[in-house]
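The values are calculated or read from the model by the stated rules, or taken from the named source; none is laboratory data. Quick caveat: nothing in here was measured; it's all calculated off a predicted structure. FYI the Cβ positions are ideal-geometry reconstructions off the backbone, even for glycines, and counts take in every protein chain you see.
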Amino acid sequence: MTDPHDENGRNGRNGRNSRNGPPDGTTPLSTALIHHAYRAPPEWDAIAVGVHKASTVFFPNVKALRERRWIDKSAYTYGLKGTPTSFTLEARLATLEGAEHVILVPSGLAAITLVDLTLLKAGDELLLPDNVYGPSLSLAQHELARWGITHRFYDPLDAASLAQAITPATALIWLEAAGSVTMEFPDLRGLIRTARAQAPQARIAIDHTWGAGLAFNPFQLGEPGVDAEDFGVDIAVHALTKFPSGGGDVLMGSVACRDVRLHDQLAWTHSRLGMGVGSDDVAAVLRGLPTIELRYQAQDLAARRIAAWAQAQPAFVRVLHPSLPTSPGHAHWAALCTQAAGLVTVEVDPAIAPAQVDAFVDALRLFRIGWSWAGPVSLVAPYNPATLRQRPSLYKGQLVRLCIGLENVDELIADLTQALAALNR
């Protein structure tokens with residue numbers, strides 16, 4: 001029998017007492033369970049970060065209730081403002097991004113939205129690259145436009161185009177590297193120099209999801225001996241849904257910066273909008289983060305092999321991947337990067353009907369049809385360039401984007417090869 005006074009028994013300090021509550025038997029069960037005295041010893045340490053879930057956070061006294069600050073992450077006030085789990089992920093992402101401050105949001109699009117709503121007001125103008133992420137453009141065309149915020153486009157491969165687009169009303173300039181779907185790699189240095197010289201009042205933000213904190217550091221883009229050491233963007237947003245998660249099962253985003261005043265401005269807007277993230281999702285990204293470099297490299301290498309294969313196919317008139325000398329912006333990519341995300345877009349011969357392109361996509365077996373990328377499963381989606389660009393004439397044929405997963409690359413090439421029959425009918 002178990003000794004009734006043994007600390008590992010039912011009445012010991014582990015608190016596994018009978019239904020009558022604590023040892024004195026006077027406290028009702030519900031109160032005893034809610035206000036239980038047991039606390040786990042603090043010396044726990046393991047690979048996985050603890051998952052802290054809370055809306056309410058306890059304060060030891062009224063003074064702490066009134067004085068605790070959450071904005072500098074020195075204390076906890078409410079679950080929406082952060083927990084040990086979310087603060088840990090933010091700190092690790094700051095290291096990944098080359099930033100000082102990171103804020104978590106529910107998605108990559110939420111990260112873009114947070115930046116826009118923090119920095120723009122009625123009468124301001126937003127500048128977008130011609131290859132902007134579609135939902136970011138839609139936000140500008142609808143919500144921002146209704147609030148009196150205008151937008152203009154520029155050619156991301158031409159800094160002179162940005163110079164022509166800048167006006168005294170320009171308050172925010174978005175960069176995207178590489179371009180959404182069409183993979184153009186912009187002249188980041190030229191664009192930033194132009195923006196700093198002609199729009200010193202404007203903030204510069206970049207969608208850094210493709211680079212993932214690995215291909216280049218958006219906060220340090222300067223050429224040695226030419227630019228200041230801190231030459232770079234003001235803000236980098238990241239769809240953590242992609243590479244940091246790596247599992248295709250989490251929606252989350254981040255906003256990173258180096259300036260504490262800018263962080264506080266973003267953080268207060270974040271607080272007022274109530275942009276919370278779930279602790280289980282935070283833990284999932286923390287679990288994926290240690291392998292991000294390995295996965296990025298593997299998908300990059302596989303994508304380059306598939307891009308080389310695609311170049312040899314007569315049905316494809318152009319292959320868009322920044323590492324290819326024939327891909328738009330290759331020189332800009334080569335000046336900054338040695339890696340590229342596992343995305344390849346092919347431009348199909350314009351003589352091939354869109355219905356045949358759809359049949360090609362439908363014929364794939366390992367590539368699954370779906371949005372997003374950077375997970376273990378390879379994905380595919382067809383695009384009509386007329387719906388993607390302000391200058392759709394740059395692309396003559398239908399586009400197919402291949403998002404390379406972690407399958408065996410020879411098997412992926414075999415799958416693409418068998419599906420080509422649909423394009424040759």
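General observations
- Per this entry, residue 377 is counted among residues that are assigned to a loop (DSSP other than H, G, I, E, B), at pLDDT 95 or above and not hydroxyl-bearing (Ser, Thr, Tyr).
- Filter result for residue 237 (crowded, with 22+ Cβ neighbours inside 10 Å, modelled with pLDDT of 95 or more, among the β-branched types (Val, Ile, Thr) and more than 27 Å from residue 46 (Cβ to Cβ)): yes
- Among the residues of region 396-424, just one is closer than 20 Å to residue 138 by Cβ and not basic (Lys, Arg), namely 399.
- If only residues of region 314-349 that are charged (D, E, K, R) and under 21 Å from residue 378 (Cα atoms) are counted, the one that is farthest from the chain's Cα centre (by Cα) is 318.
Each row is one residue, and each column tells you yes or no for (1) crowded, with 24+ Cβ neighbours inside 10 Å; (2) touching a Leu at 6+ places or on another chain (Cβ under 7 Å); (3) in the same structural domain as residue 371 (by TED's automatic domain parsing).
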| residue | (1), (2), (3) |
| --- | --- |
| 198 | no, no, no |
| 215 | no, no, no |
| 218 | yes, no, no |
| 224 | no, no, no |
| 232 | no, yes, no |
| 265 | no, no, no |
| 272 | no, no, no |
| 277 | yes, yes, no |
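- Hits in region 299-317 (condition: outside any helix (DSSP H, G or I) and in contact (Cβ under 8 Å) with a residue 60 or more places away in the chain): 313, 315, 317
- Consider region 362-388 and keep the residues that are surrounded by fewer than 19 Cβ atoms within 10 Å (Cβ to Cβ) and among the β-branched types (Val, Ile, Thr). The one that is farthest from the chain's Cα centre (by Cα) is 387.
- Residues located in region 318-342, provided they are within 12 Å of residue 185 (Cβ to Cβ) and in a strand (DSSP E or B): 320
- For region 175-211, taking the residues that are of a type in the set (S, T, N, Q) and within 28 Å of residue 372 (Cβ to Cβ), the one that is farthest from the chain's Cα centre (by Cα) is identified as 182.
- Considering residues of region 54-89 that are charged (D, E, K, R) and within 23 Å of the chain's Cα centre (by Cα) only, the residue surrounded by the most Cβ atoms within 10 Å (Cβ to Cβ): 81
- With respect to the conditions (1) modelled with pLDDT under 95; (2) assigned to a loop (DSSP other than H, G, I, E, B), residue 421 lacks only one, and its number is (2).
- Scanning region 115-155 for residues that are under 16 Å from residue 199 (Cα atoms), in contact with a Leu (Cβ under 8 Å, 6 or more places away or on another chain) and not in a strand (DSSP E or B) gives 119, 120, 124.
- Any hit, region 114-127, residues being free of Cβ contacts under 8 Å to residues at least 12 places away in the same chain, of a type in the set (A, V, I, L, M) and farther than 21 Å from residue 372 by Cβ: no
The rows are residues; the columns are (1) out of contact with any Phe, Trp or Tyr (no Cβ under 8 Å at 6 or more places or on another chain); (2) of a type in the set (Gly, Ala, Ser); (3) not assigned by TED's automatic domain parsing to the domain that holds residue 178.
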residue: 319; (1), (2), (3): yes, no, yes
residue: 323; (1), (2), (3): no, yes, yes
residue: 336; (1), (2), (3): no, no, yes
residue: 351; (1), (2), (3): yes, yes, yes
residue: 364; (1), (2), (3): yes, no, yes
residue: 381; (1), (2), (3): no, yes, yes
residue: 401; (1), (2), (3): no, no, yes
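- Among (1) outside any loop (DSSP other than H, G, I, E, B); (2) crowded, with 22+ Cβ neighbours inside 10 Å, the one test that residue 99 misses: (1)
- Single residue of 260, 282 found to be hydrophobic (A, V, I, L, M, F, W, C) and surrounded by 19 or more Cβ atoms within 10 Å (Cβ to Cβ): 282
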